[in-house]
Each structure stands twice: as C-alpha cells, then as structure tokens.
Amino acid sequence: MKVSYVLGLCLILVSRMVFADAVQQTTYITFPSLNKPPKYQEDVLAIYGAINHQAISPLFKAYQEKYPNVAIHYTESNTRHLYEQFISQPNVRPDVMLSPAMDLQFKLANDGYALAYDSPELSNVPKDSHWRNELFGFTYEPIVTALNSDILAGEALPLSREQLLNLIRSKNHLLDDKIGLFDIQQSGLGYLAWAYDGQQSRSYGRLLEAFGTHQARLYTDTSSMLNALLKGQIFIAYNLVGAYSYQWSQKYAWIKTIMPTDYTTIIMRTAFIPRDAQQPTLAKRFIDLLLSPEGQHILANQSGITPISTKVKGPYSRDELSKLPHGIFRPIPLGLELLIQTDDAKKQLIYHEWDNAMFTVPNDSSALP
Amino acid sequence: MAKATTSIRRQLILMVATVLIVINVVALWSAHIYANRAAKESYDRLLYGSALQMAENINILDSQFFIDLPVSAFETLALSTSDRAFYSIMNGQYQVLTGYKDLPNIPFTQLLQQSSEKEKFIPIYYEAMYRGETVRFVALGKRLLEADSVNDVFIIVGQTLDARRAAATEISQMALQFVTLFFFITLLLLLFVIWRVLQPLQAIKQAITERSPQELSPLEANVPSEIAPLLKSINYFMAQLDNTLSRLKRFTAEAAHQIRTPLAGLNSQAQNALDETDEVLRQKQLQHILESSNVLTNTVNQLLSRATLTHRYQSHPFSPVSLDHVTKETCRELVVWALEQQVEIEYLGDIQVTINGDEFALKQMLQNIIENAIKYSPKGSVVEVELMVMDELSETSVVLQIRDQGIGVPDQDKEHIFEYFYRSPDNFASGSGIGLSIAKEVAEHHDARFHLKDNQPTGLIVEVIFPQRKGLSYES
C-alpha cells in the first residue's frame, strides 16, 4: 500500500492534476512543439487516450517531426473515465480520442459524435478494422492471462481456461485474495473483455464462481495489475492487455503471459475524431499517421503494441504474435454487435452476477470441490 | 423539282429510337421503383427480425422486467455494415427500460391502440430524423403475461438508410446495364431491319441510275407488294415517256421532211422561173412559188401554234369561256377567206354555252376544224357549224358539229387522220396535215370527245362533244 502511495505521489509530480479518487487517475502530458522558440503561435492537438504515454510517445514524436509546429496535449486515463468525461464535458472535447474500449468508442461513433474522415491510409489496414470511416481500429491485441510462475510449483503452465480453473482448484486457499481482475464497473476494457467472455465460453460461469470464492482483487488498469503481480500481491491476472504483459514477461522471467488456447480474444484500439474537434485538420493528419505504414511500423517496433496492419514487420507485428502459442483468435467485431455491450439492462445483469460472485462472502470452503 | 421530304430511313430511325427510348426510360423508372421497394422490404425484414429477437428475450417475473438482449439481435442489424442503429425498450407507461432515451416520433397512439385491442401486435414502420440522419424505425409491442396482470412492452429499433440506398442503387445499376445493353442490341436489330426493308427502294434507284438515258423499257425487279405499285407507276410513266418521245421523234422527222419538201419545190420552181423566157409562163411559175410559200408558212404557223398550245396546257389554268361566242367569232373571221374559196359558212344554233376551258386553245381548235372543212369543200357548197344540246342517257352534253359537203374521209383513213402529217393518199389539196391532230388534242385537253362521221350525201362531220361537268352552263 505504501508503495502505491509513493507511486501516486510520483504521478502527482509528473502530471499537473490527479483526481482525488485514486480509481480515476488522469495524467496530463504536454509534448511541446519542436520549433524552439515557436516562430508563430503553435497549434495544439488535444488527444485523449487510454494508452500508456510511454507507449504512444514515439508516435507523437513522429507526428511532431512531420509537423514541428504542433504541440500535443495528451490526457491519459482509464477508458470508462475518458468516455464519461467526453459525454459530460461537451465544451472540452479532444481532437482525437484513442481507447481500447471498443464498445464505448463504438457507442460514441454510433451516436453521431464522430467526424467522418475518408483517410487515404485506410487501404493499408484490413477492411473490417474501421466502421463508417468514423471509427478506426489501429491495433490488434490479444487479451491474455499473466501469472507468477512461483504458484505453479513445478506444475505445467495452464494454457487454457479449463487448465486455469484446474490450477485454481488445486491451489485452493493459496490463491485466496491472489487473483487479479479488472474491475468491470470501473474499466471499460475490463467490462468489454469480460462481457465478450460471457458470449464465447461455457467456462465463464465457473471462472466467475472461482474468482468470487477466492476474493479476487479488482484493478482499474493493466499497469497496476502487473505491478501487483510483480510484487507478489497476486499470482494470477486474468484478461490483461497482451502488449504490456508481454513486455513485463520479457523483463521478469517469473511472470508468464498466456494466450488461452481455447480461444484468444483480440481487441482493437480505436481512434476517432470528434465532430466538435478544435483542430480537425491536425486530427486527420494524426489518423493518417496512425494508419500509415510508418505509424504502424512505430507501433510494432517502438511502442510494443501489435498494429492492425498485416504487412508491417517488427518484434510486435501480427506475424510475430501468431508465432506465439495461442488459441483461435477471436477478434471482437467492430460493428453494431458492440451495442449489446453498452446496453444498460445487459450491464445490470452482468454487474448483478459479478457482484453476487465477488461480494458474497463464501460461507465455507466446501463450495469448492 | 419537288422538294424531298424527310427520308423514310431517317423517319423510321427517329421513330424507332423514340419508341425505344420511351420504353427504356419506363423500364428504368420501374426498375428504380422496384429496386427501392425491394431494398426497403428486405431491410425492413431485418429490422423486424432484430426487434423480434429482442422481444423474445424480454420477460417478466414478479412484476419485474427481465431484459437480456441477445447478441444475435445486434448481429442482424450489423448485416448493414455501414449503418448506425438505435433501439429502445419501453414499458406501457413509456418509460425507457433500456436503450436510447430520446428516440423521436414514437407512434404511441398506434401502439396504445394495438395494446388496448388485445390483438396480436403488428410492426409499425416509420421514418424520422434522429441525430442528424434519416432513420427507419420499427415499433413492436410484446404482451407479457403473469398470473394476475398483463404488461405490454414496446420495442423500437431503428437503422439509418445507407445499406438500403446502396442495395437500391446496385439493383438500379444492374437494371441500367441490362437496359443499356438491350437498347443497343434492339437498336442494331431494328437498324438492320430498316435497311433490309428499304433495300428494294435502293435497288430501284440503283437500277434507274445505272440505265442509259435512252433506255425506257420496263424495270425488272423483285419488290415487296407495298413497293410494287411504285414500280408499276414508274414503268407506266416510262412507257408514257417512251411513247411521247417516239412521237416527238417522228414529229420532228416529219416536220423536217414537210418543210424540206416545199423548200426543195420552191427552189426548183424559182430556178425554173429564172430560166423561163416566156413571160406568161414565168408569171404562172411565180404564182406557184407564192402558193408553195403560203403552204410552207401555213405549216410553220401550225407547228408554232401547236408548240404554243403545248406550252399553254402546262401553264394556263382554265377559266369560263363562252363557247357560242367563240364559235361565232371564229366563223366570222373565216367567212371572208371562205368566200374567196367560194364556200359559205353557216352558223346554226341559238344556245348560249359557257364551259371551263382555254379560250385561245378552243379558238385554235375551231379554226383548224373549220379551215379544214372549207379546204375540202367543193366550190359553191356550204360548211355548217352547229352548236346544240343533247340529252343522252340522262347525261346532258354540248355538241359542236362542223359539217362539210366534200368528198369525206374513207373509213380506213379516219383513224389515221389525227396523226401528224398524215395525208390521205387521194388528197390533193394543200395542207400541213397537223391541223386536225391539234384540234383533237385541244378537245381531249378539255375532256371532250372528238368524232368523225360521214355526212349525207357526201362529206365529213367533225363532232366535238363536251360532257356535262362543273363549269358547263347553257341556255336555249
């Protein structure tokens, strides 16, 4: 707890403002224009994103090399918070909105908040990675499970959800309070991945039960979950964004990243230009860069995020991803199917199930076989 | 020359093209309407399907609505990949249970009516503007039954129109392609047919052009029955032309001959007169020269008058002519000359007749006939000219008779007498030989019949019968 408090302090130093609510940390970062001193008034491109600023900054750098007179104001926050801010503050909307919460992004586009832009770079990316020339998918990322190999104690790595359930059962109380999950009520991405699991798998109910019985811890973002994993606060982290998890696996040998072999959910980070963007032209240039071979190459090589384009080469390209052990790739379709994830009634049902499982204290351990 | 009216080919092509264009435009228009309806119906079904799937998953338990919308409902909507979709589920009090809270123009009255009628709910389709776009909505009710209560919920699903428009455009474009192809194929076929049908005309033209100007024999060509009358007319005309042409040739040859003979006579008589020493004989010979010269003058005059008449036929329209007046005048003009020949002219008849005709030509006719009669009359005889009305077979006609008491014309010569320069072998009187033929031509030009009869005891009656027709009037 102390460590996270210190981390919080650091964030205060980096950012100009941090919400009092620790759950909705928002970081503001300015990337000043490259013209020093600026000869004339510099343009500002405002971007809201749920991408780690270290991961996205190579792309900003490339953008500013092309357009040196542009400063970028990046607001990084959790997906749900970004969505709510977008809805509630119509006067301060960004020029570009980046988020992996496909359902929330889609809802905004469907509701007419997105500006249509026929980007010339759309030919570089697959046809089903954009919707109506309003919402542009630019990454192709697996949802993974990460675990601390210490918990295995010599046992084989669980490759599928079924094997993961078996592991949880066999370790039983060792895993009490040691499983990390996204708080689906706080994280848009967490809700999306969890709801999609509900559509796909029969093991969903049993997973939920197992998580509930072991009092899984809830996190709002991938980084804090990975931190917890690193520090041994948790042993298993379910439904993480692959990109960050793989990076940590490379750094710390005992953290294993698994793409479940029964099926592997794939999400796209999406971008759109709000209709009331202040700088639509700058925003369009940013979308062009994002989808261009150059931008996609930066993602695959510098950001450590698998890009949507199949043509790009690099350590994090789609080619390399498919060489790792994985199940059937199940990309979440970028289309009207996503509306179901935003349905209030559906959400209440899922929250209800979730709350029942998570916040009911198990009467005894005999609930487990 | 007659001005050529628009060519048949061009008219046919124009008409065919117009008809084709009209047909094709109508076809395209219907295809467009059909395409729109087809697209509308198929996408309405998708919309309805989606609403049904949503309805399927709405239940009620202990007065609590239990809504678990299926993914398939949204997957159905997602079939139109580029359309926005909106939905809302409401209870009977129009409270939104889930979905969009501000959908426009919801047909509450109709839904309520269906609800109160307790009948099966039928989908209501409508269009409305929502979030800046036209949206097609379906509103559907569902009755939820519990033991002690009945609750209705309303499902409203809407989608923008892009996919419909795209589908309609696709069908329309296919129709357009088909119609264009059809248009050009039909046009080509019809052009071929037109060419084929007009081919005989072309053939006739070709046949005529290839002929030498002298060749006037009938055209031989196989033509369709519609063109046959034309060919027949052409052939008839050519026969006429051939006839006229040969007559003209003969006339010219005869005229030349007729002029050359008296000239040769004149020549030799003049020579003789020069050589003659006897004054009395020379006087006689000079007299002969004068007579021959008169004959020649007469012949040339006749030829000229005929040429004049031919010209008049073509250029002068008819006008009312008082026939009795013309006849009397002609008689009066000729009476002196007749008396020199010791022949009397007697005009009989007291009727007044007006006909439609050419006064000059009629006068020429009378002159020629009367002169002829005088010429062949023995000295001391009378030429009778009579104008009378004849009733015959309920037809009233005016008859003009010129009777002489000369030797008459034998029957075998009667049919030849009108030929140019025909002279009876026994005829010794001087004459050009074209007077009567001119007279006959004038008569025929006035639609009158021209007869030769024998007079009693001897002599010839020339009878011209003007039939009753418009323009003829008389009084006794």
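Read the figures in this text as sums done on the coordinates, not as results from a lab. Computed from a prediction, not measured in an experiment: that's the story for all the values here. Using ideal geometry, Cβ is built from the backbone for each residue, glycine included, and neighbour counts are taken over all protein chains shown.
Which angle between 0 and 90 degrees, to the nearest 10, do you get for helix A:344-358 versus the longest principal axis of chain A when only C-alpha atoms count? Roughly 40 degrees between the two axes. For peptide B:69-80, the mean count of partner chain Cβ atoms within 10 Å of a residue's Cβ comes to 5.
Averaged over the residues of peptide A:111-117, the number of Cβ atoms from other protein chains lying within 10 Å of each residue's Cβ is 2. A crude spin-label estimate for the pair B:L198 and B:E215, with each label 7 Å from Cα along the Cβ direction, gives 2.6 nm.
So in the protein assembly as shown, what percent of DSSP beta bridges are antiparallel if you round to the nearest 5? List each step's numbers first, then the result.
On the way: 84 of 108 bridges.
So the antiparallel bridges in the protein assembly as shown amount to around 80 percent.
Separation of region A:255-325 and region A:128-169, taken as the distance between their Cα centroids, equals 17 angstrom.
Centroid-to-centroid, using Cα positions, region A:75-124 and region B:163-216 are 60 Å apart. What the Cβ-Cβ distance of A:S123 and A:R202 gives, at R0 = 35 Å and to the nearest 0.05, is a FRET efficiency of 0.30. Remind me, relative contact order of chain A in percent, using alpha carbon pairs under 8 angstrom and six or more residues apart? Computed value for chain A: 23 percent relative contact order.
Per-residue shielding of A:337-349, expressed as the average number of other chain Cβ atoms within 10 Å of the residue Cβ, stands at 6. Centre-to-centre, using Cα atoms only, region B:71-149 and region B:283-319 are separated by 112 Å. Distance between the pseudo-spin-label points of B:V300 and B:L97 (7 Å out from Cα toward the beta carbon): 12.7 nm.
In this rough spin-label picture, where each label sits 7 Å from Cα along the Cβ direction, the A:F359-B:V22 distance is 7.8 nm. Straight-line cross-link partners of A:K347 among the lysines, defined as a Cα under 27 Å from its Cα and at least 8 positions apart when in the same chain: A:K107, A:K178, B:K101, B:K142.
Relative to the longest principal axis of the Cα atoms of chain B, helix B:323-340 runs at roughly 20 degrees.
I'd like to compare B:374-386, B:186-198: which one has the highest average count of other Cβ atoms within 10 Å, and what's the full order after that? Walk me through the intermediate numbers first.
On the way: B:374-386: 18.3, B:186-198: 13.5.
The peptides rank, most packed first, as B:374-386, B:186-198.
For chain B, the relative contact order comes to 10 percent (Cα pairs under 8 Å, sequence separation of at least 6).
Computed over neighbours whose Cβ is under 9 Å from that of A:A109, the net charge equals +1, Lys and Arg +1, Asp and Glu -1. Computed from Cα positions, the angle between helix A:188-200 and the longest principal axis of chain A comes to roughly 50 degrees.
Hey, can you rank A:209-221, B:99-111 by average C-beta count inside 10 Å, highest first?
Numbers: A:209-221: 21.2, B:99-111: 15.4.
Descending mean neighbour count gives A:209-221, B:99-111.
For B:D454, the residues whose amide H sits under 5 Å from its own are B:I461, ignoring neighbours fewer than 5 places away on the same chain, with H placed 1.01 Å from N.
So, by mean Cβ neighbours within 10 angstrom, what's the order for A:230-237, B:150-157, A:327-334 with the highest one leading? Let's see the in-between values first.
Details: A:230-237: 19.5, B:150-157: 22.5, A:327-334: 17.8.
With the highest mean Cβ count within 10 Å placed first, the list reads B:150-157, A:230-237, A:327-334.
Can you tell me the FRET efficiency between B:Q342 and B:F237 if r is taken as the Cβ-Cβ distance and R0 is 56 Å, rounded to the nearest 0.05? According to the calculation, E is roughly 0.65. Restricting the trypsin sites (Lys or Arg not before Pro) of region A:241-286 to loop positions (DSSP other than H, G, I, E, B) with no more than 16 neighbouring Cβ atoms within 10 Å leaves A:R275. Among A:P293, A:P325, A:P68, the largest mean-square fluctuation in a Gaussian network model of chain A, built with springs joining Cα atoms closer than 10 Å, belongs to A:P325.
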